[in-house]
Amino acid sequence: MAFTRINNKMISAQIVPGQRILSQRGSMLGYTGEVTFQPNLMGGQGGVMSMIGRRVANEDTPLMTVEGHGTVMFGHGGHHVHVIDLVGDTLYVEADRLLAFEGSLQQSTMFMGQQGGLMGVVRGQVTGQGLFTTKLTGKGAVAVLAHGGVIELPIFPGQPVHVDPQAYVAHRGEVTNKLSSALGWRDMVGRGSGEAFQLELSGQGAVYVQASEVKL
Amino acid sequence: MSYPPQPPQSPYGQQPYGQQPPYPPQGPPSGYSQHQYEQSHQATQAGMHVPPPPYQASPAGQFGAPVFQPPGGDAPQVWDAGTLPADDNVNPYCFSVDLNGAYYLQKGKMIAYYGEMRFSGIGRGVLDRVLEQNFNSPLHASDWVVAEGRGKLLLADRSYDLNSYDLEDGNLTVRSGNLLAFEPTLRLKQSIIPGFLTLIGTGKFVAASNGPVHFVEPPIRVDPQALVGWADCPAPCHHYDHSYLHGVIGGLRHLTGIGGASGEEHQFEFIGAGQVLMQSSETLMADRSVGVVAAEAGVPGAGVPHQQHGGAPGLGNLGNLGDLGRRFGL
Amino acid sequence: MAQFRLQGSRVLAVDLAGDTVKARNGSMVAYTGQMGFKKLSGGGDGLRGMVTRRLTGERMEVMEVKGQGTCYFADKATEINLVRLNGETLFVESDNLLCTEATLRTGTSFTGLNGMASGNGLFTTKVEGQGWAAVTSNGPAVILRVAQGLPLRVDPGAYVAHTGNLHRALKSGAGWSTLIGEGGGEAMQVEFTGEGLVYVQPSERMTLGGEV
């Protein structure tokens with residue numbers, strides 16, 4: 001377990017030689033020992049396509065590599081921090097909400113449109129959450145940020161969960177997502193209930209939802 | 001003095017006003033202590049993924065009023081002048097002062113009170129004498145008010161966590177925006193570190209933090225924005241770390257900004273013995289102006305009002321050189 | 001019957017079995033099962049409520065949620081307080097009302113100068129009837145009792161709600177120095193007298209009067 005909870009808004013990580021941690025730049029609160037913070041040149045492992053993708057999506061959450069020997073404390077903006085342990089499964093998380101994760105995890109940037117087709121593109125445009133979501137696979141811990149903490153809602157086959165795109169934090173497991181509209185066009189234009197678009201998640205897994213409609 | 005305080009014994013027969021315990025109450029004897037209410041409040045603050053409490057029907061409130069139902073189904077705590085804690089936290093975000101005399105507070109932090117009290121600006125007329133005694137700082141006195149009278153006074157600040165600290169012939173330095181209130185037995189001085197205030201003497205003060213305060217011991221390097229304050233240890237020094245700017249790649253980085261800075265080039269380094277207070281924050285509470293130090297040779301920052309610098313001076317904009325990094329999506 | 005429960009302290013879960021609740025517009029964060037969302041014009045208070053809202057500029061936009069399953073509501077990470085009404089009346093700042101059972105009636109109530117000082121319009125929301133209501137507060141609400149001979153003064157910006165037989169009056173807490181420009185910072189206060197409970201939040205919303 002790489003991350004230790006200090007309080008609901010701060011975590012600490014033990015850094016030992018040979019094991020690196022990646023974290024959002026500027027999210028280090030304090031450290032002891034000899035630790036270096038190196039900005040990631042490629043902003044991920046996706047190569048050129050990832051760079052372009054990030055630009056298109058206007059995602060600007062660059063990462064840094066934390067290495068050395070010591071203890072580092074992480075937190076960001078007074079937001080709640082939630083640690084998720086991955087045991088060989090996959091977590092999809094909005095890049096803005098990724099605080100830190102263990103270097104043992106495989107990281108890639110996922111094009112949401114792969115699953116949602118045209119609607120996936122629309123979703124990115126509508127929610128302003130970008131077309132690309134960070135995908136983490138393997139064994140290790142991930143720390144995500146949420147406004148007001150998260151609740152974990154399980155997803156079972158045949159029982160999809162609908163989520164407000166603004167409140168969506170992350171999801172894990174074998175889950176497909178699509179943007180759904182619960183309303184007719186009339187409701188979407190001008191006199192909607194504020195719930196015109198919903199993210200429908202179906203399959204087997206779990207979704208993390210924050211207690212706020214405020215996007216980070 | 002413990003949190004949570006005991007529920008009121010008699011729901012309606014509260015003590016008449018004026019029969020509270022005498023002031024000052026018995027504070028903890030230790031020279032420097034933070035009130036430990038965290039164990040109990042962690043339980044309710046713990047992550048939101050706890051299983052939902054079993055549904056329970058709410059009992060009708062006293063005198064037929066509806067009651068707020070907290071998570072867990074416990075009966076909600078109702079306070080009045082007699083049962084409110086004396087100089088202790090009501091919950092992690094609200095502090096109750098047992099006022100009998102005077103107390104200094106930052107403007108606008110009173111949320112409610114019982115009893116007879118008045119609030120006056122500092123720095124006028126009869127209060128000048130008090131000001132001389134307690135404000136040994138070119139502080140903008142208009143940011144502070146003095147509460148005078150008798151009763152229970154509730155303080156809060158944007159639902160930030162509040163902690164009270166007891167100083168016994170000690171000193172503690174705190175970020176100016178985080179200091180909420182202090183007893184008149186303490187003296188307030190401006191720290192040599194811009195934007196910080198030092199409290200000296202014996203007494204209690206209340207400070208806010210974004211998230212609970214985390215105490216660490218030196219040696220440690222702290223992000224400037226996560227620093228709430230420090231006690232007993234020597235004032236911090238600046239620490240710069242930009243070793244990755246050396247070499248060919250580093251030079252390219254330096255010129256173009258591609259790859260950016262890690263955002264962690266600059267820390268405050270603490271050494272020696274003492275305590276460092278940290279919070280989880282990159283978004284600071286608005287700093288209170290601490291006034292202008294008279295222009296004088298040898299005085300750091302003299303002549304300019306000290307507002308908080310927003311990060312690493314000099315190096316802060318390195319990663320955004322020409323905003324190239326962002327435009328290329330790096 | 002809609003079942004109200006808390007998931008943590010900041011998310012409200014409502015179990016619906018074909019029945020209806022009213023909630024603040026846009027406050028749904030997730031749901032399971034089948035849900036329909038319909039905006040109610042004029043806050044669902046009929047013509048009179050609609051007119052008063054228009055006049056006062058107070059915008060409490062409400063949606064009706066109907067369906068089968070569990071619907072989750074939250075509002076900007078504020079704490080949620082559940083209130084069970086058994087025929088009593090709850091007065092609440094309209095900004096702080098998150099969700100009510102369909103069995104409850106909501107209306108507006110004139111609050112004197114309090115509304116003006118707190119920048120929340122001249123009317124607060126009155127909730128009456130039998131059922132559950134969910135009230136938000138920025139930080140956990142502190143519940144304070146008011147009794148005969150035990151008045152309470154509250155900062156208008158920290159006031160959330162009250163119940164019982166209470167009288168409200170706007171008071172000036174300022175000393176003489178306020179008059180010459182050096183304000184005490186606590187210039188306007190609301191005094192509660194009578195018998196009842198007052199709910200305050202450990203926070204002050206932005207007020208028209210600045211640092212009231």
Residue hits (the stretch A:100-109; surrounded by fewer than 23 Cβ atoms within 10 Å (Cβ to Cβ) and of a type outside the set (Ser, Thr, Tyr)) are A:102, A:103, A:105, A:106, A:107
Within the stretch C:29-51, residues modelled with pLDDT under 90 and under 19 Å from residue C:69 (Cα atoms) come out as C:34, C:35, C:36, C:37, C:38
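When you scan the stretch A:83-193 for strands (runs of 3 or more DSSP E) that lie fully inside it, which ones turn up with 3 or more residues that are modelled with pLDDT under 90?
The qualifying strands (runs of 3 or more DSSP E) are A:106-111, A:132-146, A:168-181.
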Within the stretch C:59-82, the residues that are touching a helix residue (DSSP H, G or I) at 6+ places or on another chain (Cβ under 6 Å) and in a strand (DSSP E or B) are C:62
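The values are calculated or read from the model by the stated rules, or taken from the named source; none is laboratory data. Small disclaimer: the values here were computed from a predicted structure and weren't measured. Every residue, glycine among them, receives a Cβ derived from its backbone with ideal geometry; neighbour counts consider all protein chains shown.
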